[in-house]
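Just so you know, all these numbers are worked out from the coordinates, no wet-lab data involved. Nothing here was measured: the structure is a model prediction, and the numbers come from that model. As a convention, Cβ positions derive from the backbone with ideal geometry for all residues, glycine included, and neighbour counts pool all protein chains shown.
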Amino acid sequence: MKRSIFTLSLLIALLASCAPVDLNAPMPAFETGIDPNTWAQVPAGEFHLGQHEDMAFTEAYEIMVTDVTAAQYADFLTTALTEGYVKIDGENILGYYPGDEFRGVKHEERINAGDWLLIPLNDPSQRILFDGTTFSVQAGYENHPMTMVSWFGAWGYCGFYDARLPTEIEWEKAARGTDERPFPWGEEIARENANFYSSRDPFEDMSSFGSRTSPVGFYNGKNYDGYQTRDSASPYGLYDMAGNVWQWTGDVYEGMHYRFLRGGSKDTYDMDLRIWVRNNATPTYFSPGVGFRCVR
Amino acid sequence: MQFIKDRFNYLFNSTKGLILVAIAMVGMVTAVWGMLSGPMAEMGVREIVVKALGMQIVQAEREGRIIILYHSIAMAIIAIETYMVTGLLKMKESFKTAINAMITVGYILTMVFGMGFAYFGRNWAFHGLYITGLSLIFFAGVLLIIALNPWNREYYITDKDYARTKSGFDLERAAFFATAVTTVLSSLFGAVPGSYYGNGFETFLAENIIRIPHKTMMEYSVIGHLHIMLALIGIMITLIIGRWLNFKGILHKIAMPLMILGTIVLNLGVWGVVTPLEPVAHMVIYVGATPSMFAALLLLIWDWNKLIKDGTAHIQKPNLGHKLSALVRDPLKFGPTWQMLFMNFTTSGIGIFMAVKLDEIFRVWPAREERIELTGHWHVLSAIIATIILLYYGDMNGFKGKLRQWYGWSIIILSDIAFAAVTVFEMKRLFISEAEQQPLVNSLMYAIDFGLGMLLVLLAILLGWRLIDLFKPQGRWAEELDHELTEEVDR
């Protein structure tokens, strides 16, 4: 009898682990009041770079206050398709990239000039829809960060609007300001500061689909149907510089094809939300936890 | 007063007492600091522990804290292995006393003041005492090398069942010696960059820089150091288990030269990482690892063969069922080599698969995914070594009958459930997407937490029993006081 109970429990646990995940489960809709079309000014000057606070310098630049949203990206694709800036190849959207210099360093892979994947359309996690002429966004995700976008897709978007991806240094200064804080809002992190793994925000359900993105600028001190957030803007007024989605940066380093990502995401523990933490991936990588913003 | 004196004498002046103290120290650190990460952090336990203990967690110091935590646990494990070596191998009593005393003071200083420095404010006096502790362990290692000197004719052997040269040079002792020498030398590959990076906080975790193509010599040194030290702890426990089980015969004669060769070549490869020979160093490492792992396989074959033979001696024509039953009859004797075999599925196998498919699979994933594989497989390796120690310690406690079965099988089954789940977790991206992984992740986490949690409960019960025993006038401790490990080697 005891053995049967044990076997049955094990079987239930195994079956539960194989349960399909509803990727289109209902999503709470909130307006954050943060306009994704606004840009913040970052002045020229020195700041503390990295974990051990080396001094670094940047020129002045402007950076988007939020990540690029799915709605912004859909608009871009519609216009860019009309202008021939992007093309459709089966279920993929491609765009031209001029290539990187190949130095043959160990593990380095060639990034040749040519058409590269911007986004896939057939992935179940993709929130961009295409009706043959126009791109749109799955309902509820309009003000969420654009995800499932490769580095080429992020690079292409920024370039289309005469902007570019931030360098890692620019990204870090925009997140940190000029003091030595580890998080954009200050010294410590609480669950109400950002969307990270098991942060118990209204968008996650750890028993089924796990973490999901939150609308850009969600952590702005507002109360959303009883869920009280903390105002977690960076010193320059940027939102989501920690958590929600990893953000592609623009540096292309000598001898490596990897591109670097910053900020941590909905899928990482709080330690990865510290400002200096770096992640990297091949430029063709895309994920429900990766997005971007631009500078100019 | 005599009460305290007797107990102190047992705990700090007998091999089994010293092992008990070190296991208790590791158990306490693991239980408390295990609550600062993973699911415990998710459930909010971390905040409670941090507040209750008055820890000072500075975000920028996380990497330094973790390095000190790893060292605190590793030094206690090295002390346990050293006690086992001094208890199992012949050496002058004065050497044994000096080595055990030095390493005991060393690891306790390292653990108490290292953790004090790392988690309870930057008290630089604590840091000094932490370094003093590490230095004492280093000098204990030097003394161990002298004590093990296999060229000392006192230690030549005549028994032809064991690996030896014609003149009687003991090749098993030479394998212990080679492992001790290379361990002491390899520790310098951590000590030098440790000093370079200064205060223990301006440092990095190796898994965070793996994809950076150009690394400095100091960075390579740290990477080499952590790999080789764990490998050497693994090699030493294999030799210890072999000695406890009284490994001998033709397989012993083949295994010991391989163990010596493998240890030396493996070390040369790892040391080569910090030299201009770096491009070929990995090939040398593979060449060195192969004989070492083959020698461990020979120990496994010999052990299982012996367990089967001993267990079926009373049956004239044993069938497969009899043989299997005999093999698993004693979990404490079967367990250590089984765990070595299991390690191939959770550590070596994963490592080789990663090396073969690195660019094709693992380097297509983001660095954070690769980090999970790296940290996962060396945590499992460390934990497997710990379970082997606990299995041997169960035998030292003289467990018999059902208690022996429950203790042994609990360790094997609980740990293997957890390690298997960790391995699936590491490799999950091969068969499930990020978006769909959560139910699987939940189940794996339950399995990991259940396995490791229950293992810690088992350890707590064991330590609780040993604590109560200390209050008895003639408890188990009194029996163990003058009992040496050599007396318990299989005959």
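Rounded to the nearest 20, the size of the Cβ-charge dipole of region A:138-296 about its Cα centre is 220 debye, with Lys and Arg at +1 and Asp and Glu at -1. Couplings for region B:434-443, taken from phi via the Karplus curve 6.51 cos²θ - 1.76 cosθ + 1.60 with θ = phi - 60°, read 4, 5, 10, 7, 4, x, 5, 4, 4, 5 Hz in order; Gly and Pro are left as x. When shorter helices are ignored and each DSSP H run of at least 4 residues is given -39500 (n - 2.57), the per-residue value for chain A at 222 nm works out to -5000 deg cm²/dmol. Fully extending the segment from B:Arg491 to B:Val142 would add 122.5 nm, taking 0.36 nm per residue of separation and subtracting the current Cα-Cα distance. For the protein assembly as shown, the antiparallel share of DSSP beta bridges with both residues in that region comes to about 95%.
Peptide B:403-412 has a mean of 0 when you count, residue by residue, the C-beta atoms of other protein chains within 10 Å of its C-beta. Looking at the square roots a ≥ b ≥ c of the eigenvalues of the Cα gyration tensor of region A:92-202, which shape do they give, rounded for a/c under 1.5, prolate if a/b is larger than b/c, or oblate? Judged from the Cα gyration tensor, region A:92-202 comes out oblate (a/c at least 1.5, b/c at or above a/b). Please list, in chain and number order, the residues 5+ apart from A:Met64 or on another chain whose amide H is under 5 Å from its amide H, with Hs placed from the backbone. The answer is A:Ala40, A:Cys294. Taking the number of Cβ atoms within 10 Å of each Cβ as an exposure proxy, the fewest-first ranking of A:Met146, B:Met293 is B:Met293, A:Met146.
Under a 5 Å amide H cut-off, with hydrogens placed 1.01 Å from N, A:Ile93 pairs with A:Leu118, A:Ile119, A:Leu121 among residues at least 5 apart or on other chains. Computed 3J(HN,Hα) for region B:283-288, one whole-Hz value per residue from the Karplus formula 6.51 cos²θ - 1.76 cosθ + 1.60 where θ = phi - 60°, is 5, 5, 4, 4, 4, x, glycine and proline marked x.
Let me know the mean shielding of B:206-216 by other chains, meaning the per-residue number of their Cβ atoms within 10 Å of its Cβ. Neighbouring Cβ atoms belonging to other protein chains average 3 per residue here.
Of the chymotrypsin sites (Phe, Trp or Tyr not before Pro) found in region A:82-111, the ones in coil according to DSSP and having at most 13 other Cβ atoms within 10 Å of their Cβ are A:Phe102. Given the rule -39500 (n - 2.57) for each run of at least 4 DSSP H residues, summed and divided by the residues of chain B, what is its mean residue ellipticity at 222 nm, to the nearest 500 deg cm²/dmol? Taken over chain B, the calculation gives -25000 deg cm²/dmol. Simple spin-label estimate for B:Glu202 and A:Leu23 gives 4.7 nm between the two label positions (7 Å along the Cα-to-Cβ direction from each Cα). Database remark: amide H of A:Asn280 closer than 5 angstrom to the amide H of A:Leu261, B:Ala367, B:Arg368 (H placed geometrically; neighbours at sequence offset of 5 or more, or on other chains; Pro and chain starts carry no H). Counting beta carbons within 10 Å around each of A:Ser214, B:Ser415, B:Ser325 and listing the fewest first gives the order B:Ser325, B:Ser415, A:Ser214.
Once the C-beta distance of B:Ala355 and A:Ala139 is scaled by a Förster radius of 35 Å, the resulting FRET efficiency is 0.15 to the nearest 0.05. Computed from backbone phi, the HN-Hα couplings of region B:276-282 come to x, 7, 3, x, 9, 4, 5 Hz, rounded to whole numbers (Karplus: 6.51 cos²θ - 1.76 cosθ + 1.60, θ = phi - 60°; Gly and Pro given as x). For the peptide B:444-453, the mean number of other protein chain Cβ atoms found within 10 angstrom of a residue's Cβ is 1. Let a ≥ b ≥ c be the square roots of the eigenvalues of the Cα gyration tensor of chain B; is it rounded (a/c under 1.5), or, if not, prolate (a/b larger than b/c) or oblate? Here chain B falls in the rounded category. Panel order for B:Lys323, B:Lys357, A:Lys106, by other beta carbons found within 10 Å of each beta carbon, from fewest to most: A:Lys106, B:Lys357, B:Lys323.
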